[in-house]
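Structure first, commentary second.
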Amino acid sequence: MLRSSWYRRFWQWPYFLTMLFSTSVLAQSWPDVLLLSHDGEDRALPIETLREQADETFSFYDPYLGRDVDIRGLPLGEWARASFGDRPERLTLEAVDGFEVVFDEWPGPSWVLVTHHDGEPIGLREKGPLRLVERDYGDRDLDNLRSFNEWIWMIERIEAAP
Amino acid sequence: MIRRLWDSRNGWLWLSLASFSTLVLLVVYELRLVAPEVDRYFSQADNITGHQLATRSRVFVHDALDAMVRDVSSPQAAAMSLEMAYSFLDIVTYRELYDCTPEALADLDTWRQRLLETPPPSAEQMTRGLLPVLQCQTEIETGQRIRGSETVTQFVAEARSHQSLLLGGILVIYLLGLLFWRFHEKQRLATQEASRESLRWMAKALQDPLTGVGNRNALHARIDEQSDLPLGLLLVDIDYFKPYNDSLGHPEGDRLLRQLVGLIEMAMEGDSRLYRMGGDEFAVLLPCASSTALEARCERLVQVLRQQAIPHPASPVAESVTLSVGGVWFSPAQASFDTAYAAADAALYHVKQRGRDGCKVGSRELMPHSAGAI
């Protein structure tokens with residue numbers, strides 16, 4: 001049931017073509033593109049482009065890795081406004097395993113799309129190639145991973161609605 | 001500001017309102033802030049967010065095995081699934097709490113690499129090889145479930161403790177609110193009683209204790225309250241009252257004064273007010289349209305007393321008690337009370353000079369266009 005999302009999406013033509021003309025569907029670096037969906041239209045954005053655009057850097061403690069990490073990425077709110085034009089009412093981020101995070105309110109500057117760890121582009125093993133983190137933990141318990149349920153790894157699609 | 005509120009005698013009321021407001025805020029805080037926090041913690045049991053990362057890792061191991069069993073030509077897809085499984089299992093908490101984790105990660109890495117080799121391993125080999133990984137994932141899932149249960153138990157205990165504290169706090173604040181309200185009520189009632197007492201004393205200060213009518217102060221207060229409508233002022237003097245007292249005694253004199261008050265009030269009727277100015281002198285203040293009308297009222301007053309024929313054994317002018325009445329018709333806008341009083345007193349003097357037992361209304365000069373006559 002969980003795999004159905006990316007299997008089904010794989011055979012949708014824009015995705016299929018994107019995959020076909022990207023490096024390789026079967027290569028370890030998959031997925032190499034981020035699918036952007038807006039007003040019923042899908043377009044693919046190479047992950048490499050995102051990596052080049054990433055200019056937000058900071059260090060923080062990653063509760064999943066259990067250590068401090070130098071992060072490089074893009075502020076989600078600013079990036080989404082630039083990518084989708086008018087400020088959409090809702091943003092939905094979808095991972096390869098069907099995990100979804102929905103922003104009914106516009107994400108604040110604390111939310112960052114991460115492309116690099118310690119100066120290196122992140123792959124699947126580093127929960128990449130694109131993951132979402134929140135740099136300000138507030139008063140959340142770092143030992144309780146449930147406090148970070150809104151973090152999402154291996155993002156393959158971002159939908160802006162309407 | 002607090003000092004000012006307290007000085008306004010509403011301090012207890014404000015404290016009471018503050019208590020009840022705090023109560024409402026506490027309830028809102030619980031509903032809006034704490035409840036969503038609980039919801040956030042427990043509401044994800046049925047969706048993917050509620051799944052353990054180890055479970056999500058297991059799904060990708062199953063995917064890899066499925067890919068090998070169903071389609072032997074897709075080892076790369078299986079390798080991809082194992083990479084995903086690795087990522088979901090590579091969590092520091094798992095490494096720290098479950099000894100099998102590093103070995104399981106190493107197995108996943110090994111089998112992923114073997115899938116990319118030629119020839120790839122068979123589905124049977126992979127199933128056997130990945131069995132320790134699945135067992136480790138089961139161990140993690142079970143362990144995490146137990147830890148979750150412990151967390152829930154602790155959470156429930158904390159929630160109960162929190163609820164007890166909250167209930168206690170609400171009860172205390174509610175009782176404090178009631179107590180402050182009670183203090184406020186007591187203060188309000190005391191203030192009300194003090195106001196009534198002040199009014200009683202003020203009324204007494206304006207009342208003649210012997211006859212019960214208003215005194216000179218009351219007359220002045222009444223004048224101050226009057227609008228600019230024309231008024232009639234009558235000064236009433238009992239003829240030869242001192243000889244009356246001397247012959248019949250002061251108690252009889254007092255009784256005569258009280259009797260006269262009744263008679264004057266009966267004779268004047270309407271909106272007239274009677275005041276005792278001191279000794280045997282009274283003043284009557286009444287709204288009056290003209291000097292002629294005032295004169296008629298004045299005549300009636302003298303006449304009523306004559307009809308009563310109250311015996312006066314010491315009067316040199318009559319066998320009964322008689323009155324001398326001097327009056328003036330004036331407008332408060334045109335003449336001050338002192339001026340009017342002086343004019344009425346002059347008229348009274350005139351009556352006394354003529355031999356008493358009579359009345360006179362005078363001073364047309366006090367009205368700009370006097371309609372009456374002396």
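A short reminder: the numbers here are calculations on the coordinates, not readings from a lab. All of these numbers come straight from a predicted model, not from anything done at the bench. Note: ideal-geometry Cβ built from the backbone for every residue, glycine included; neighbour counts use all protein chains shown.
Between residue B:339 and residue A:59, the simple spin-label model (points 7 angstrom out along Cα→Cβ) gives 9.7 nm. Listed by chain and number, the lysines whose alpha-carbon sits under 17 Å from that of residue B:242, ignoring those within fewer than 8 places in the same chain, are B:352. Neighbours of residue B:105 by Cβ distance under 9 Å: Lys/Arg scored +1, Asp/Glu scored -1, total -3. The distance separating the Cα centre of the stretch B:183-206 from that of the stretch B:98-145 comes to 90 Å. A straight chain from residue A:39 to residue A:139 at 0.36 nm per residue would run longer than the Cα-Cα distance by 32.3 nm. Summing charges over neighbours of residue A:71, with a neighbour being any other residue whose Cβ is under 15 Å away from its Cβ, gives -4 when K and R count +1 and D and E count -1. Extending 7 Å from the Cα toward the beta-carbon at both residue B:210 and residue B:10 defines two label points whose distance is 4.9 nm.
For the stretch B:216-366, the dipole from Cβ point charges (+1 on Lys and Arg, -1 on Asp and Glu) about the Cα centre works out to 200 debye, to the nearest 20. Farthest toward the positive end of the dipole of the protein assembly as shown, out of B:348, B:11, B:166, is the Cα of B:348, where the dipole comes from beta carbon charges about the Cα centre. Calculate how steeply helix B:11-29 sits against the longest principal axis of the alpha-carbon atoms of chain B, using the helix alpha-carbon long axis, and give the answer as 0 to 90 degrees to the nearest 10. Helix B:11-29 sits roughly 20 degrees off the main axis of chain B. A Förster radius of 30 Å combined with the Cβ-Cβ distance from residue B:172 to residue B:195 puts the calculated FRET efficiency at roughly 0.30. Taking a Cβ cut-off of under 14 Å around residue B:130, the surrounding Lys, Arg, Asp and Glu residues balance to a net charge of -3, with basic ones at +1 and acidic ones at -1. I need the calculated FRET efficiency for the pair residue B:131 and residue B:70, taking r as the beta carbon distance and R₀ as 22 Å, to the nearest 0.05. Computed FRET efficiency for residue B:131 and residue B:70 comes out at 0.70. So which cysteines in chain B don't have a second cysteine's C-beta under 4.7 Å from them? That list is B:288.
Length gained on full extension, residue B:220 to residue B:96, computed as 0.36 nm times the residue gap minus the Cα-Cα distance: 34.9 nm. Ordering B:53, B:68, B:132 by Cα displacement along the dipole of the stretch B:1-201 toward the positive end leaves B:53 in first place; charges were set at the Cβ atoms of Lys, Arg (+1) and Asp, Glu (-1).
The angle between the Cα long axis of helix B:337-353 and the main principal axis of chain B comes to about 20°, on a 0 to 90 degree scale. Take the Cβ atoms of residue B:202 and residue B:163, set R0 to 60 Å, and the FRET efficiency comes out at 0.55.
Note on residue A:87 and residue B:124: the model spin-label points, each 7 Å out from Cα along the C-beta direction, lie 6.3 nm apart. Once each of the GluC sites (Glu not before Pro) sitting in a DSSP loop with at most 12 other beta-carbon atoms within 10 Å is removed, chain B keeps B:118-268 as its longest stretch. Selection among B:311, A:153, A:107 by position relative to the dipole of the protein assembly as shown gives B:311 as farthest towards the positive end (Cβ unit charges, Cα centre). Remark: the stretch B:1-201 carries a charge dipole of roughly 1760 debye about the Cα centre, counting +1 on each Lys and Arg Cβ and -1 on each Asp and Glu Cβ. Phi angles across the stretch A:107-113 convert, under the Karplus curve 6.51 cos²θ - 1.76 cosθ + 1.60 with θ = phi - 60°, into 3J(HN,Hα) values of x, x, x, 6, 7, 10, 7 Hz, Gly and Pro given as x. Around the amide H of residue A:90, modelled in the peptide plane, lie the amide H atoms of A:161, all under 5 Å away and 5 or more residues distant in sequence or on another chain.
Taken about its Cα centre, chain B carries a charge dipole of roughly 1500 debye when the Cβ of each Lys and Arg holds +1 and the Cβ of each Asp and Glu holds -1.
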